[in-house]
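Undergrad: Shown below is the structure under consideration.
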Amino acid sequence: MRIIHFSDIHLGLLPHSASFLLDKRLFGTLNHWLLRRRKQNLEYLDRALAAMQALKPDWIVCTGDLGSVGSPEEFHHAVALLQPFRKLVDGRFLFVPGNHDVYVRNKACQQALKRAFHELNGGRWAADVSYALLQQEDVEFFLAMAAHPLPIWMSSGRLTHELMDAFRDWSQAPRRSTAPRILLCHFPVRTRNGAPLAARRRCHNANGIVKALEHHDIDCMLCGHIHRPFAWMPQNTNEKSPIQLCAGSLTLTGTFLALDYGNDKSDFSWKFHHLSPS
Ligand SMILES: [Fe+2]
Ligand SMILES: [Fe+2]
């Protein structure tokens, strides 16, 4: 079974509603157009689709930051743009939001996120769940929604106690089969060196996830948020150890990930794919 993972496409469109001038969307929009946009290559999206097509994935997962300020315009554009990716895997597509998708408390933005979440996940869950579990014969996914609207200087996440209880129940239950257990969360729990992220960028209340990786209760955590790809293995022994993989930003670094699982849980490999910039 092959899973493709990408993240942080950060579309960035000017919000139509003037209300964006009144909250941190103004800062986020300026930040995107003055700084991030110049480093982005949106052509990576077409190239990624072609590359993924050739890889014949069974699942495609996206770990958030579809836009820059979580506006209805960005979600509308992102959902349309990701349609061919969803088609490629016949709807076996999963999405967890990032901090730029849950940017402000504005009602229209929050409604648009709910619609996008529902649609991108193929209507599998209600639009306002804080976590979701998908248990298939050959793979198990736990989707952790850690992003919440925050003040302008923060880009951190927080896992609720309710979410962590559900995560513990899932990850510590006896395994039903050799199906890999994969956690999807926008925020990494460790940097490439195994250190916690800085407080203003980290995922708070995530110790249970670090422990689940250390104890091999889960096999893999897929995340984004950091725009350069990296891997972190708590046991650091071999390629089959539990692992946290950050895909980087598809539109900034042109990277995505492919994970391959065989019939046996230990039969696992992964690879970063780097798209060519021209
Ligand atoms: Fe991001
Ligand atoms: Fe992020």
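Undergrad: How about segment 117-129: which of its residues are assigned to a helix (DSSP H, G or I), touching a helix residue (DSSP H, G or I) at 6+ places or on another chain (Cβ under 7 Å) and surrounded by fewer than 21 Cβ atoms within 10 Å (Cβ to Cβ)?
TA: Glu119
Undergrad: Another one. Can you tell me how many residues within segment 208-257 are hydroxyl-bearing (Ser, Thr, Tyr) and touching a strand residue (DSSP E or B) at 6+ places or on another chain (Cβ under 6 Å)?
TA: Looking only at that region, the number is 1.
Undergrad: Note down all Cβ pairs under 7 Å where the first residue falls in segment 214-231 and is in contact (Cβ under 8 Å) with a residue 40 or more places away in the chain and of a type in the set (Val, Ile, Thr), the second is in a loop (DSSP other than H, G, I, E, B) and surrounded by 15 or more Cβ atoms within 10 Å (Cβ to Cβ), and they're at least six residues apart or on different chains.
TA: Within 7 Å, the pairs are Ile218/Pro242.
Undergrad: Still on this structure, please answer the following. Filter segment 92-114 for residues that are under 17 Å from the mean Cα position of the chain (by Cα) and either more than 16 Å from ligand 2 (Cβ to nearest atom) or of a type outside the set (A, V, I, L, M) (or both) and give the result.
TA: Arg92, Phe93, Leu94, Phe95, Pro97, Gly98, Asn99, His100, Asp101, Tyr103, Lys114, listed by residue number.
Undergrad: Condition first: assigned to a strand (DSSP E or B) and within 17 Å of the chain's Cα centre (by Cα). Now tell me which residues in segment 253-270 satisfy that.
TA: Result: Thr255, Phe256, Leu257, Ala258, Leu259, Trp270.
Undergrad: Then there's this: How many residues are touching a residue at least 12 places away in the same chain (Cβ under 8 Å) and not in a helix (DSSP H, G or I) if we restrict to segment 89-116?
TA: Matching residues across segment 89-116 total 17.
Undergrad: For the condition more than 19 Å from Thr255 (Cβ to Cβ), surrounded by fewer than 17 Cβ atoms within 10 Å (Cβ to Cβ) and either of a type in the set (Lys, Arg) or within 14 Å of ligand 1 (Cβ to nearest atom) (or both), what is the one hit in Arg228, Arg200, Arg192?
TA: Arg200
Undergrad: Of the residues Ala48, Ala54, which is open to solvent by less than 10 Å² (accessible area, probe 1.4 Å) and either under 18 Å from Thr255 (Cβ atoms) or away from ligand 1 (no atom under 16 Å from the Cβ) (or both)?
TA: That would be Ala48, the only listed residue that is open to solvent by less than 10 Å² (accessible area, probe 1.4 Å) and either under 18 Å from Thr255 (Cβ atoms) or away from ligand 1 (no atom under 16 Å from the Cβ) (or both).
Undergrad: Only one residue in Ala132, Ala173, Ala147 is open to solvent by 10 Å² or more (accessible area, probe 1.4 Å) and within 15 Å of the chain's Cα centre (by Cα). Which one?
TA: Of Ala132, Ala173, Ala147, the one residue that is open to solvent by 10 Å² or more (accessible area, probe 1.4 Å) and within 15 Å of the chain's Cα centre (by Cα) is Ala147.
The values are calculated or read from the model by the stated rules, or taken from the named source; none is laboratory data. Since the structure is predicted, the reported quantities are computational estimates derived from the model, not experimental observations. Note: ideal-geometry Cβ built from the backbone for every residue, glycine included; neighbour counts use all protein chains shown. Please note that ligands, DNA and RNA were not included when accessible areas were found on the heavy atoms of the full protein model with its side chains. Shrake-Rupley method; radii C 1.70, N 1.55, O 1.52, S 1.80 Å.
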